[in-house]
Structure formats: C-alpha cells, structure tokens
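Peer 1: Dumping the structure here so I can ask a few things about it.
The values are calculated or read from the model by the stated rules, or taken from the named source; none is laboratory data. In this text, all values refer to a predicted model and were calculated from it rather than measured experimentally. Here the Cβ positions follow ideal geometry from the backbone for every residue, glycine too, while neighbour counts run over all protein chains shown. Quick note on the areas: whole protein, heavy atoms, side chains included, nothing else; ligands and nucleic acids left out. Shrake-Rupley method; radii C 1.70, N 1.55, O 1.52, S 1.80 Å.
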Amino acid sequence: MDPTRVDLSALPVVEIELSRLSSVCSPRTSGEDPDHVETLLSAEWDLPPILVHRPTMRVIDGLHRLKAARVRGDTKIQARFIDGTESDAFVLAVEANIRHGLPLSLADRKRAAVQIIGTHPQWSDRRVASATGISAGTVADLRRRGGEGGNEARIGRDGRIRPVDSSERRKLAADLIRNDPGLSLRQVAKQVGISPETVRDVRGRLERGESPTPDGNRRLRTKQHPLTLTEPDLGHELDQERIVVLERLKADPALRLSEVGRILLRMLAMHSMDGQEWERILHGVPPHLYGVVAGFAREHARVWAGFADHLEHRATDLAAR
C-alpha cells in the first residue's frame, strides 16, 4: 500500500464496536483535547467515519470522535478500514490529522516527520513534507540532524525516482523558464526530469530574485515576491470536522471581538467550500479570462502560503522560548 495514494473516501463504511478499538500510537502526543470533544458532542450533523488499521484495530484518524462516542455512551461507531504495514498506517494518521479537524501541533508534525524519515528513508524531503504539513527544508534539516544521509536517489510524491542532488536540473529548469516564461510547470518538469513542484519552487526563487538551488540563496535582484502554495484539491468534499474547527474559531473572543480577527474569519469562511462549489466556480470562468483569473489565483495562493509560513515560524519561535 502506498499511504500517499489511498482514496479514503472510496473505502466502504462499516459499524464497529468501540470495545474492539485501540487508540495507542497516535501522532497527537498531547492526547484528546477536551474542548474539541465538547464541540463534537454539540455538533448538529453526522461526523465522518473514523479510520481504523485493520491488522491492529488502532484508530488512525478520529480519536476525538471516538472519545465523543464513548462520552455519549455509544457502543458502536462508523469506521473505514485500511490494511498495510503499521508504518504506512502512521503516515495515513499524520496526513489525516493535518488536513482536517483539530490540526496537529508543529512539534507533533516534526516528531512525525522524524519517524517517517526513519521508516521511509527512500522518500524525498518533499514527499515527507507533504505527509506531515511542514516545509521540505525543515524535513531536510531534520534528516541531517538525525544522520539520515544519503540515498543517492529518493522517491518523490509522484512515485518517480530522482537523484538527491538536483542542482544541475534546477539550473536547467531556470534557463528554460527565463527563455520561455510561458511554459507550464509540467512542460518544464518533463524536459528537465524533475517534479512540477520543484519547477514551481525554481520559478518562485527566480521571481524573488534568488538562486534556483536551495544552497545558493544569494539575491540576484532586490524585488520581493510572496511565496507559493499548492493548488486546492477540487475533488473532495469539505470535511465536517474542519467546519467544527471553523465554528470554534468564530466563537473565539480573540478573533470575534477584533477587527483584524473578523477579517481573518471572513477570509477563512470564504475559502471553506467543498469540491462541488469549487468545480462550479471553475466552470463558470469565461474562457477568455482563464489566464487573468489564473494569475490572480496563483498570486493569492502565494500570499496564503507566505502567511502560513510566517505563522509556523512564529509558532516555532514561541515553542523554543
């Protein structure tokens, strides 16, 4: 099983007795959050099924839903089963907990990355980063600190095997982008032999006036530019637990009672749409405006990514104090 390519929504839903389930080995080291459990107990809609590793009966995703079910006195809960190794199940647990519901803390995500580097040393930094919700640079730093050096090649998020040192290919990609800015990410990636996300990173570095390689961040020009963000996934419904978290944010006085907080809440609510709504908007864009709207969308994505990076860096600084 490739844990990064499992379509969880396609798995059948079954009812299972709570007494059969185990909650050990969660990536959430702080355990359940009582406030989040209370929020789930007061939810007026059905919560998503939990995710269970069939060989061990461990709950991979849904510890708070499990706790809420026990508090209500339920004897059964809806679940989806996945098979595979325990290490792959842990990857799925981390991915599930960073993408919806109550997000993992930055410290938990870093600990998870260290564990995944140990169990999946052949994975690229970007693939580990995608699974844990931290930057590829942070993964690379964790790998160096742990002495996990050097496979000559690693497997990327697209399943392709690439050499670890891609400096020369990054430089080739930079030359292609400079010579023909209209080339798509995939066109450049195919010609050079790197992933589209690496090309996106190279393009972002050039726009910010940096070297195309991570080890050469010398400024080439002074123009500043926001960072990049991956495209939204239009194929999945908005998870109900994320709605619960958004409702908690709306009720938080620190946000609700300040002008800046209310602006942030409106922005978060505006982007909290399910896949069908995104598809409806996508198909409503007139063909002659595809390029213009894509430019605005990419620019806003870069701003959101920069915003997220700043927040994570502040969280890291606070945790270090």
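Peer 1: Can you tell which of 194, 155, 161 is modelled with pLDDT under 80, open to solvent by 90 Å² or more (accessible area, probe 1.4 Å), aliphatic (A, V, I, L, M) and on the phi < 0 side of the Ramachandran plot? Step through it out loud before you land on a result.
Peer 2: Details: 194 fails: open to solvent by 90 Å² or more (accessible area, probe 1.4 Å); 155 fails: open to solvent by 90 Å² or more (accessible area, probe 1.4 Å).
Matching residue, one of 194, 155, 161: 161.
Peer 1: May I pose another question? Report, by residue number, each residue of the range 258-278 that is over 19 Å from residue 298 (Cα atoms) and modelled with pLDDT of 85 or more.
Peer 2: Residues satisfying the conditions are 258, 259, 260, 261, 262, 263, 264, 265, 266.
Peer 1: Taking only the range 96-135 into account, find how many residues are without any contact (Cβ under 8 Å) to a residue 40 or more places away in the chain and among the hydrophobic types (A, V, I, L, M, F, W, C).
Peer 2: 8
Peer 1: Scanning for something of a type in the set (S, T, N, Q), over 29 Å from residue 203 (Cα atoms) and either touching a helix residue (DSSP H, G or I) at 6+ places or on another chain (Cβ under 6 Å) or without any contact (Cβ under 8 Å) to a residue 12 or more places away in the chain (or both), does the range 254-274 turn up at least one residue? Break it down stepwise before answering.
Peer 2: In the first step, residues of the range 254-274 are kept if they are of a type in the set (S, T, N, Q); the result is 258, 272.
Subsequent filtering for residues that are over 29 Å from residue 203 (Cα atoms) retains 258.
From what's left, either touching a helix residue (DSSP H, G or I) at 6+ places or on another chain (Cβ under 6 Å) or without any contact (Cβ under 8 Å) to a residue 12 or more places away in the chain (or both): 258.
So far as the range 254-274 goes, yes, one or more of its residues are of a type in the set (S, T, N, Q), over 29 Å from residue 203 (Cα atoms) and either touching a helix residue (DSSP H, G or I) at 6+ places or on another chain (Cβ under 6 Å) or without any contact (Cβ under 8 Å) to a residue 12 or more places away in the chain (or both).
Peer 1: Within the range 286-304, identify whether any single residue is farther than 27 Å from residue 106 by Cβ, in contact (Cβ under 8 Å) with a residue 24 or more places away in the chain and acidic (Asp, Glu), and answer yes or no.
Peer 2: no
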